[in-house]
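Before any comments, here is the structure.
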Amino acid sequence: MSYNEILILVISFLVFLSLRVPIGYSIGLAGFFTLIVAMPFLPSVTTLAQRMATSLDSFTLSAIPFFILAGQIMNRGGIALRLINLAKAIVGPLPGGLAFVNIISCMLFGAISGSAVAAASAIGGFMNPMMEEDGYEPSFSAAVNITSATTGLMIPPSNVLIVYSLASGGVSIASLFIAGYIPGILIGFSLMIVAALYAIIKKYPTQKLVKFSEFLKCFIAALPSLLLLVVVIGGIVSGVFTATEASTIAVIYTLILAAFYKEITIKDLFPIFLETVKTSSIVLLLIAASIAMSWVMSYENIPQEISHTILSFSDNPIVVLILINLILLFVGVFMDMTPAILIFTPIFLPIVIKIGLDPIHFGIIMILNLCIGLCTPPVGSVLFVGCSVAKLSIQKVIKPLVPLFLVMIIVLILITYIPALSLWLPKQFGL
């Protein structure tokens with residue numbers, strides 16, 4: 001293998017992206033053009049098609065469409081407003097209270113729905129007008145919403161943690177789910193510190209302290225939604241059911257919850273199912289194309305070449321992790337999270353194992369890196385959704401976004417070099 005294949009892969013992928021070819025097709029075509037260097041045209045086509053088809057023949061992957069369906073039901077089931085009311089009752093009276101409400105609501109909704117985009121859209125739709133009415137700058141409200149929406153990808157159940165488990169060759173999903181709690185909460189808490197300082201400097205108003213009876217009312221209204229986390233995560237950790245079985249239970253639970261809240265009718269189910277099919281198709285196409293590209297890279301020995309290059313530069317764990325973090329931050333700016341995990345996990349996982357890093361710990365590092373990428377231009381999907389919901393240009397949101405972005409980088413450094421933040425909780429559960 002020469003470096004020609006790497007150049008063909010990278011250049012063809014960037015060319016397709018610059019031509020605005022959808023990323024799933026860009027990945028697949030880049031893999032194809034790399035493969036035809038090594039074998040004739042017809043075998044290249046059949047091999048790539050076979051790899052894409054067999055990559056989706058996975059029981060673990062079945063969890064993703066079901067979790068997407070559960071998230072779609074929750075989007076329309078009135079859950080967002082109940083979570084906002086609960087968060088408002090808890091932290092509303094604190095300095096920066098409504099910003100705290102935004103952050104906590106995104107954390108809870110993102111964790112329940114498993115989607116950062118859904119959290120930014122659902123919570124932002126409620127919170128942005130509420131914060132603006134209370135005197136908050138619209139750009140600051142949008143920045144808080146954008147960054148906090150990504151925390152739900154760290155807090156289980158999370159589709160991207162399932163994807164990492166698949167890409168890593170079978171790292172325990174239960175271990176990854178439990179490992180994500182402390183880092184996810186730490187990011188949310190760090191964002192709240194920045195929001196509080198900003199609110200104190202700007203002298204934003206606080207909410208009135210609610211009566212205990214009002215808090216109890218909000219808590220009872222949100223409790224059925226919060227119990228979904230207990231049911232799903234508790235069942236997986238205790239071994240009662242697998243992540244895939246948990247996803248079907250999540251769908252049944254959310255349907256019952258929507259009927260209980262009387263927010264969804266039978267007529268609403270068809271558009272929900274249709275949107276789920278659309279979203280699942282996009283995700284599964286990305287997965288198929290990414291796994292096919294990973295196979296092409298493995299066939300051409302590209303991961304081994306990259307590994308050799310990085311380790312020849314330095315075998316010091318601190319330096320190696322700095323390099324990997326910088327690469328992943330750069331990748332996250334230009335590539336969607338799912339293909340980035342599937343393509344770069346086989347490249348970087350053998351390297352970090354050689355320097356003594358736990359695969360669970362590295363999974364959390366990788367997800368957090370790519371979460372930061374979701375907030376950054378030019379391809380950050382959560383950034384675009386958050387700005388669209390707030391009806392603001394990206395340029396207006398960048399300034400208040402910078403301190404929140406920097407604090408996420410600080411948390412990334414802490415999680416990278418303090419393994420206990422990711423591994424302590426799984427060890428307590430015997431995972």
Problem - the chain, dipole about Cα centre (Lys/Arg Cβ +1, Asp/Glu Cβ -1), debye to the nearest 20 - result: 980 debye
Practice task
Note down the nm distance, to one decimal, between modelled labels 7 Å out along Cα→Cβ at residue 45 and at residue 60.
Solution key: 3.2 nm
Problem - Length gained when the stretch residue 273-residue 223 is fully extended (0.36 nm per residue, less Cα-Cα span) - result: 15.4 nm
Problem - Length-normalised contact order for segment 191-349 - Cα pairs under 8 Å, 6+ apart - percent - result: 19 percent
Practice task
Pick out, in residue order, every one of the trypsin sites (Lys or Arg not before Pro) in segment 387-431 that is DSSP loop and has at most 13 other C-beta atoms within 10 Å; say none if there are none.
Solution key: 391
Handout entry: Order of 242, 150, 309, 416 - criterion: other Cβ atoms within 10 Å of each residue's Cβ, fewest first
Key = 309, 242, 416, 150
Exercise for the section: Output the relative contact order of the chain, whole-number percent, from Cα pairs under 8 angstrom with separation of 6+ residues. Expected result: 25 percent
Completion exercise
Relative contact order as a percentage, segment 1-91, C-alpha pairs under 8 Å and 6+ apart, gives 19 percent
Handout entry: Simple label model, 7 Å out from Cα along Cβ direction - residue 429 to residue 230, nm
Key = 1.6 nm
Exercise for the section: Would you please classify the overall shape of segment 210-272 from the alpha carbon gyration tensor, given that a ≥ b ≥ c denote the square roots of the eigenvalues, rounded means a/c under 1.5, and beyond that prolate means a/b larger than b/c while oblate covers the rest? Expected result: oblate
Problem - Sparse-neighbourhood loop sites, chymotrypsin sites (Phe, Trp or Tyr not before Pro) in segment 358-431 - DSSP loop, at most 16 other Cβ within 10 angstrom - result: 429
Problem - Gain in span if fully extended, residue 312 to residue 265, counting 0.36 nm per residue against the direct Cα distance - result: 10.8 nm
Handout entry: Helix 63-76 vs. the chain, principal-axis angle (Cα, 0 to 90°, nearest 10)
Key = 30 degrees
Practice task
Report the calculated FRET efficiency for residue 402 and residue 381 (r = Cβ-Cβ distance, R0 = 25 Å), to the nearest 0.05.
Solution key: 0.85
Fill in the blank from the handout: In the chain, taking the dipole from +1 charges on Lys and Arg beta carbons and -1 charges on Asp and Glu beta carbons about the Cα centre, the listed residue (256, 424, 128) farthest towards the positive end is 128
Completion exercise
Surpassing 24 Å at the alpha-carbon level, of the pairs 202/396; 202/391; 208/396, are 208/396
Practice task
Please state the charge dipole magnitude for segment 239-310, taken about the Cα centre, from unit charges on C-beta atoms (+1 on K and R, -1 on D and E), reported in debye and rounded to the nearest 20.
Solution key: 280 debye
Problem - Test item: Cα-centred dipole of segment 162-269, Lys/Arg +1 and Asp/Glu -1 on Cβ, debye - result: 560 debye
Fill in the blank from the handout: A convex hull over the alpha carbons of segment 4-89 yields, per residue, a volume in Å³ of 165 Å³
Exercise for the section: Show which aspartates and glutamates lie in cross-link reach of residue 203 when reach means a straight Cα distance below 20 angstrom and same-chain residues fewer than eight apart are skipped. Expected result: 132, 133, 134, 137
Problem - Backbone N within segment 348-391 under 17 Å of label point (7 Å from residue 414 Cα along the Cβ vector) - result: 364-366, 368-369, 372
Problem - Among 329, 284, 265 the positive-end extreme of the charge dipole of segment 264-349 (Cβ point charges) - result: 265
Handout entry: From the coordinates shown, Rg and Dmax of the Cα atoms in Å corresponds to which of (1) 51.0, 150; (2) 21.7, 73; (3) 23.5, 79
Key = (2)
Practice task
Rank 91, 185, 13 by how far each Cα sits towards the positive end of the charge dipole of the chain (+1 on Lys, Arg Cβ; -1 on Asp, Glu Cβ) and give me just the farthest.
Solution key: 91
Problem - For segment 162-311, fraction of C-alpha pairs farther apart than 18 Å, in % - result: 78 percent
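Rule-based calculations on the coordinates, nothing more; no lab input. All figures in this text were calculated on a predicted structure; none of them were measured in a lab. Virtual Cβ from ideal backbone geometry, glycine too; neighbours counted across all protein chains shown.
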